[in-house]
1. Sort out which residues of the range B:7-19 are more than 10 Å from chain A (Cβ to nearest Cβ) and open to solvent by less than 20 Å² (accessible area, probe 1.4 Å), and write them in order of number.
2. Give the range A:29-58 a look and list any residue that's of a type in the set (Lys, Arg) and either farther than 17 Å from residue B:56 by Cβ or in contact (Cβ under 8 Å) with a residue 40 or more places away in the chain (or both), or say none.
3. Report, by residue number, each residue of the range B:77-90 that is over 13 Å from residue B:26 (Cα atoms) and either open to solvent by 80 Å² or more (accessible area, probe 1.4 Å) or acidic (Asp, Glu) (or both).
4. Taking the condition of being more than 7 Å from chain A (Cβ to nearest Cβ) and either closer than 14 Å to residue B:51 by Cα or part of a loop (DSSP other than H, G, I, E, B) (or both), how many residues in the range B:80-94 meet it?
5. Which of the residues spanning the range B:1-59 are of a type in the set (Phe, Trp, Tyr), in contact with a helix residue (DSSP H, G or I) (Cβ under 8 Å, 6 or more places away or on another chain) and more than 15 Å from residue B:88 (Cβ to Cβ)?
6. Report the residue count in the range B:39-68 for those that are surrounded by fewer than 18 Cβ atoms within 10 Å (Cβ to Cβ) and in contact with a Pro (Cβ under 9 Å, 6 or more places away or on another chain).
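The values are calculated or read from the model by the stated rules, or taken from the named source; none is laboratory data. Here the structure is a predicted model, which is why all the values come from computation and not from measurement. Glycine gets a Cβ as well: all are built from the backbone with ideal geometry, and neighbour counts include every protein chain shown. These accessible areas exclude ligands, DNA and RNA; they are computed on the full protein's heavy atoms, side chains included. Shrake-Rupley method; radii C 1.70, N 1.55, O 1.52, S 1.80 Å.
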Number of protein chains: 2
Amino acid sequence: MIKFSVFYPTTDGATFDHDYYRDTHVPLALRTWGLDEAEIEKGIDGPYVAAVHFRFESLEAMGAALSVPGTAEVQADVGNYTTIEPVRQTSEIV
Amino acid sequence: MIKFSVFYPTTDGATFDHDYYRDTHVPLALRTWGLDEAEIEKGIDGPYVAAVHFRFESLEAMGAALSVPGTAEVQADVGNYTTIEPVRQTSEIV
């Protein structure tokens, strides 16, 4: 199982709209990539103000999902909830 | 629900023993903190070579678990599998 995570580092002067993220952005990503669910985090302590985790059956399935044209729309939506530059991580779940 | 994550940043010259981590260290942490399971990651792409995620019912439950004397033993075990300085994050699962 593959996990694709996006982290938003706490950044001086930056804002993050958690409501928009949960209600609009992550659902858009799920629809675009054909997924049923994601895990959303709101940071309490540590380097990140927010994060999301998507799961895929394989690297191939992830590559196919992210290569759809709608991914550009998902990326273009980031400016609607934050000015933070996200950090991306792909991992195998052991 | 609270998630406590520990990330190991990819570090020049550092090693990470994924087998020891999965078979010995994380089970020790679970026993120490009275947890049934954790999610372990092996990094494929991104800033982290490995990560683990523990879940607690509340911040109070997490604080109580981590304050047991055995936590010192868990921390002392880190040197048995890596020289990387871990990054810790506490988040609310939305």
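1. Result: B:8, single match.
2. Matches in the range A:29-58: A:31, A:55.
3. Matches in the range B:77-90: B:83, B:85, B:88.
4. Of the residues in that region, 6 qualify.
5. Scanning the range B:1-59 gives a single hit, B:20.
6. Here the count works out to 1.
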